[in-house]
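Report on the following structure.
Read the figures in this text as sums done on the coordinates, not as results from a lab. Since the structure is predicted, the reported quantities are computational estimates derived from the model, not experimental observations. Note that each Cβ is placed from the backbone with ideal geometry, even for glycine, and that neighbours are counted across all protein chains shown.
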Amino acid sequence: MKTSELMLDTRQRILRDARGRVFDLATHEWRAEETTLTGKRIGASDALRWLQRDSGHPRREPIGVIGARHASAEEHSQAYALGAVLAKLGCVVLCGGRGGVMRAVCEGVASAGGVSVGLLPGDTIADGNDAVTIPIATGIGLARNALIARAALCLVAVGGRYGTISEMAYGLQFGKAVFALHGAPAIEGVETVASVDAAVEAVAHVALGLDRRARAAAQAAGA
């Protein structure tokens with residue numbers, strides 16, 4: 001079994017990794033268990049979809065999407081696609097709730113019937129985009145960047161400049177995995193991903209507590 005593959009037994013609601021460990025739905029951690037590998041081989045993204053939609057024990061931490069306030073056409077397209085895919089997997093998306101990448105990801109989430117949360121810098125929700133599901137007026141200005149980084153399970157950056165850099169840096173300081181798509185600032189400790197699909201796969205590995213080094217090795221080997 002390749003390092004990127006998992007085994008899912010939907011009847012018994014058992015997810016196993018390549019090492020034979022079982023995913024504990026109560027704690028979202030892997031545990032060693034003497035058991036026969038049965039079920040269907042699936043990738044991390046499909047396993048995350050099962051966890052979020054069918055397991056009965058989804059991860060509730062949102063996925064943070066950050067990026068340019070004035071997005072290019074490509075950044076808008078990638079953020080929209082990212083939001084749509086994450087929503088289809090059953091993930092809640094957290095962002096800054098305003099324009100550019102933030103608006104695009106919220107539109108993508110809305111297109112798939114998902115939920116997005118926008119942490120706005122001002123005292124009202126008036127400056128929030130009209131696609132965000134749950135706008136929250138924090139009243140703390142740019143300090144809300146730290147809240148986004150702290151509340152997210154992990155972060156995906158799409159483009160961006162100084163504000164995005166601050167969110168990425170906060171994420172790293174809080175020990176979160178941070179991924180960079182299309183033109184996002186290059187920061188030590190941030191993993192660059194080549195596509196929306198690669199970003200989702202990276203998010204899935206974080207959500208499932210899988211070894212990111214194993215994922216990188218599998219990708220390099222053509223898995």
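Brief remarks on what is shown
- Positive-end residue, the chain charge dipole about Cα centroid, Cβ charges, pick of Ala180, Ile136, His205: His205
- Placing dummy labels 7 Å off each Cα toward the beta-carbon, the span from Ala151 to Arg11 is 4.2 nm.
- Estimated dipole of the range 1-80 in Debye, rounded to 20 [Cβ of Lys and Arg +1, of Asp and Glu -1, Cα centre]: 180
- Length gained when the stretch Asp54-Ser195 is fully extended (0.36 nm per residue, less Cα-Cα span): 48.1 nm
- The HN-Hα couplings worked out from phi for the range 152-168 by the Karplus form 6.51 cos²θ - 1.76 cosθ + 1.60 (θ = phi - 60°) are 6, 5, 7, 10, 10, 9, 10, x, x, 10, 4, x, 5, 4, 5, 5, 4 Hz, whole numbers, x standing for Gly and Pro.
- Centre separation in Å (Cα based) which lies between the range 28-98 and the range 126-153: 20
- Burial ranking of peptide ranges 158-171, 87-100, 184-197, 46-59 (average Cβ count within 10 Å, highest at the top): 87-100, 158-171, 46-59, 184-197
- Binned Cα-Cα distances of the range 59-148, short to long, each 5 Å bin given as a whole percent: 3, 18, 28, 26, 17, 7, 1
- Nearest 10 degrees, 0 to 90: helix 196-207 Cα axis against the chain principal axis: 70
- Residue-averaged 222 nm ellipticity for the chain, from DSSP H runs of 4+ at -39500 (n - 2.57), nearest 500: -11000 deg cm²/dmol
- Across the alpha-carbon atoms of the chain, the computed radius of gyration and Dmax are 17.4, 56 angstrom.
- Theoretical FRET efficiency, 1/(1+(r/R0)^6), r = Cβ-Cβ of Ala186 and Ser72, R0 22 Å, to 0.05: 0.80
- Nitroxide proxy distance, nm - points 7 Å out along Cα→Cβ at Arg161 and Gln173: 2.2
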